[in-house]
Every structure is written in structure tokens, then in C-alpha cells.
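To start, the structure itself, in C-alpha cells.
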Amino acid sequence: MRLLVSGGAGYIGSHMCKLLAENGHEVGVVDNFSTGYRQAVRWGKLYQGDIRSAEFLDEVFEDFNPEGVLHFAAKSQVGESLVAPAEYFSNNVVGTLSLLEHVRKRPGCLFVFSSTAAIFGNPQTPLIDEQHPRNPINPYGRTKLSIEYALQDYFTAYAMPSISFRYFNAAGADPSGAIGEAHDPETHLIPLILESVLGRGGGLKIFGDDYDTPDGTCIRDYIHVNDLCAAHLAGIRYLQRNPGAHFYNLGNGNGFSVRQVLSVAEQVVGQRIPAEVCPRRAGDPASLVAQSVRARKDLGWTLQFPAIEDIISTAWRWHRSGKFSRRVADALNVAE
Ligand code: UDP
């Protein structure tokens, strides 16, 4: 199939492009390089531009003629969304609606949407399944939930088939070591642990050890980036046979506390990793763990990297390669 990947230069998007190409699909990448990297675009034809521009999208859709769109381009930091909601609504809502104007006018064109566990807000049950109430507690979650509502209405009115995937904590890197996670600034736990081992990014902080969890630190569900991408591939097949506006939670189903992640990372890197306990970070629920049985059942989704050790090992291989730093990335961007 001809599949267009928005945000294909970013962390999850670039892993998706690799998997699609490996499975024989023709890939187009749309990215404005606001946070993505040129050197991560290796598996597809690049269209550089902003999805909020209708003229740009006219050209892309005319040239690439996609049969499906996988939409990763978004701003995705909870903290930033609290202080800059305008940017979040503009990128994540206005930008996505602009893209949907093109998708909905192409009969049969599939749409796969990157949603988030942040649409649920504070969990009301230990495991979060698809029926859990959607009560986001930050602008980021609200932008993603707005699009989930739109997708349901677009299927009803325009028969536009879609799947929303609510990611829990995406982590790890492609085992090849060619691509990985490189946010700037980085806010995520696993990359920050590994960068601290490499002496970059300052000392590691544990945000709160007074939560109502067995060791007092927050529990999250870490899912390997390639497993997330595999669900998208399965989702495209499912959508071809089952038109609708579907939604699935994607997680490992196992929760790990910050201290547990740190301890596994110490085994992976073979050394002690110092960390300082700091006050809680605003907006962090004590525990977020997915119930992803439905994706396994409907999509036939299985995990290639269920073990947290393997998730951290693949990330470690990427971070050790030194391709992580913004300085290196900028130099490569200029060089190309
Ligand atoms: N965390 C931490 N120190 C850090 C970064 C994160 O203790 O430097 C904690 C954070 O409070 C949360 C967990 O690690 O409980 C996962 O945070 P991350 O930002 O990776 O993902 P989130 O769950 O916020 O999407």
C-alpha cells in the first residue's frame, strides 16, 4: 500500500517507516522538522512542510496519492502543554483537522491516529481498558481526545475508517541501533537514566517517592516502540476488513515503578546509577497500566519485546552510539 506517515522523522514515526518499508509498503514522510531529524528519514519519500498548510497537503496528496495515513506528527509533552496550550491546540487539533480534510475526501483512505493514555486522566481502576472514562487532566490529553471524538463523527458522516491507538509509555529503540529516541529537551525516564550514565544531561532525579505504590515511586507501563508500530501494521490490515472508528489501548500490561526501572537499567549497563529523590512532578498519576487484551484479540497483536530488560537494552544500544545529542543531530541535519 501507499502509506503516508506524518511525523515520520520523529521517534515513533521513524520506527514505523522502517517497519512499513520492511513489509513491502511504499512510504511517504511528512515532517516539518520542528522536533524530528532528517537522518531518521531513511525509508520513504520526504515531503517537508507543515500539516496546517492546505496548499502543502494538496501537493503531497496529489503527488503521493496515499491509500492510508498514519498520523504521528504532534506536540507531546504534558508539562509544555500546560504552559503553551495554544501551540498544542494548533498543532494537534488544527493540524490534524487539516490533514483529515484531505483524508476524508479520498474514499477508502485509512487513518491511523496516535492517541495517548493521557486521555484517561487519573485512573479509576488498576488496569485501564478501553471502557475506562476519558477525563484528561491536561491540555495535551484534551487535544488528543478532541480528535478521537472527531474520528467517531467522521466515520458516521463520511464513512472515513480510522483507528486511534492510546499509547502508554513508548520506550526502547530499534535493535539495529540506527534510530532511537532523541527528544529535545528530553523529559522521559528511560532516556534520562541512560544519558545520566553517559554523563550527559545532569544528575538523575526521581520525581516523588511518597506515592501510594509499593516502593513509593510512580508506576508506568513501558511498551517497546517496535511493538507499538507492529500494532499499527496489524491495525491497517484490520481496518481494511472492518471499516469503523476503532480505538485500542496499547501497553505491555505490566507496571514498573521508577525505582524498578532504575534497578533494571543498572543491570543492563552494569553499574550503579545515582539518583536524587525530588518533589513530585505536577500532573503525574501514581500508576498508569494498560489492559490491552482487546488489541491482542482483535488485531492478533503480539509483543516482540515484552521484557523491560530488552526494552532498556535496545535503548542503551542507541544511546551508547552517541547519535542521541541534539548537537550531533544538528550537525547531521546541516551535513545533509
Ligand atoms: N520520572 C522521574 N524522573 C525523570 C523523568 C521521569 O522520576 O527524570 C518519572 C515520572 O515522574 C513518571 C515516570 O518517571 O512517574 C515516567 O515519566 P515519563 O516522563 O518517562 O513518562 P510519562 O508517564 O510522564 O508519559
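The values are calculated or read from the model by the stated rules, or taken from the named source; none is laboratory data. As the structure is a prediction and not an experimental result, all values here were calculated from the model. FYI the Cβ positions are ideal-geometry reconstructions off the backbone, even for glycines, and counts take in every protein chain you see. Remember, those area values only see protein heavy atoms, side chains included, never the ligands or the DNA or RNA. Shrake-Rupley method; radii C 1.70, N 1.55, O 1.52, S 1.80 Å.
Compute the normalised compactness of the chain: alpha-carbon radius of gyration over 2.2 N^0.38 Å, N being the residue count.
Numbers: Rg = 19.1 Å, N = 336, 2.2 N^0.38 = 20.1 Å.
Computed over Cα atoms of the chain, the ratio equals 0.95.
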#### Entry: Order of exposure, largest accessible area first, which applies to Trp301, Trp43 with probe 1.4 Å
Trp43, Trp301
#### Entry: Gyration tensor verdict on the stretch 123-182 (Cα atoms; rounded if a/c is under 1.5, prolate if a/b is larger than b/c, oblate otherwise)
oblate
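On the accessible surface of the chain, probed at 1.4 Å, how many percent belong to carbon and sulfur atoms? Display every interim value, and only then the final one.
Values: 7090 of 14020 Å².
Result for the chain: 51 percent of the exposed heavy-atom area is carbon or sulfur.
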### Task
Would you mind checking the tilt of helix 95-104 against the longest principal axis of the Cα atoms of the chain, expressed as 0 to 90 degrees and rounded to 10?
40 degrees
#### Entry: Rounded to 10°, Cα long-axis angle of helix 326-335 versus longest principal axis of the chain
40 degrees
### For the chain, size of Cβ-based charge dipole, Lys and Arg +1, Asp and Glu -1, in debye
280 debye
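Using the heavy atoms of the protein chains and a 1.4 angstrom probe, tell me the accessible area per residue for the stretch 1-78 in square angstrom. Mind dumping the intermediate values first?
Details: 3020 Å² over 78 residues.
That works out to 39 Å² per residue.
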### Query
Which whole-Hz ³J(HN,Hα) couplings does the stretch 12-20 yield from phi under the Karplus relation 6.51 cos²θ - 1.76 cosθ + 1.60, θ = phi - 60°, glycine and proline marked x?
6, x, 5, 5, 5, 4, 4, 5, 4
#### Entry: Angle in degrees between helix 308-320 and the longest Cα principal axis of the chain, rounded to the nearest 10
90 degrees
### For the stretch 202-287, accessible area per residue (1.4 Å probe, heavy atoms of protein chains only), Å²
43 Å²
### Task
Could you run the Karplus curve 6.51 cos²θ - 1.76 cosθ + 1.60 with θ = phi - 60° over the stretch 138-143 and give me ³J(HN,Hα) per residue in whole Hz, x for Gly and Pro?
8, x, 4, x, 5, 5
### Task
For Ser287, enumerate residues with amide H under 5 Å from its amide H, sequence gap 5+ or separate chain, H modeled in the peptide plane.
Ile219
### Task
Enumerate the calculated ³J(HN,Hα) couplings along the stretch 179-184 in order (Karplus 6.51 cos²θ - 1.76 cosθ + 1.60, θ = phi - 60°), each rounded to whole Hz, writing x wherever the residue is Gly or Pro.
9, x, 8, 8, 6, 9
### Query
What is the set of long-range amide H partners of Val277 at a cut-off below 5 Å, with H atoms built 1.01 Å from backbone N?
Ile206
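Taking 0.36 nm per residue of sequence separation and subtracting the Cα-Cα distance, how much length would be gained by fully extending the chain between Ala84 and Gln304, in nm to one decimal?
Working: separation 220, 0.36 × 220 = 79.20 nm, distance 3.67 nm.
Extra length from Ala84 to Gln304 when fully extended: 75.5 nm.
Leaving ligands, DNA and RNA out of it, rank Leu82, Leu299 by accessible area with a 1.4 Å probe, largest first.
Working: Leu82 95, Leu299 20 Å².
Per-residue accessible area, sorted high to low, gives Leu82, Leu299.
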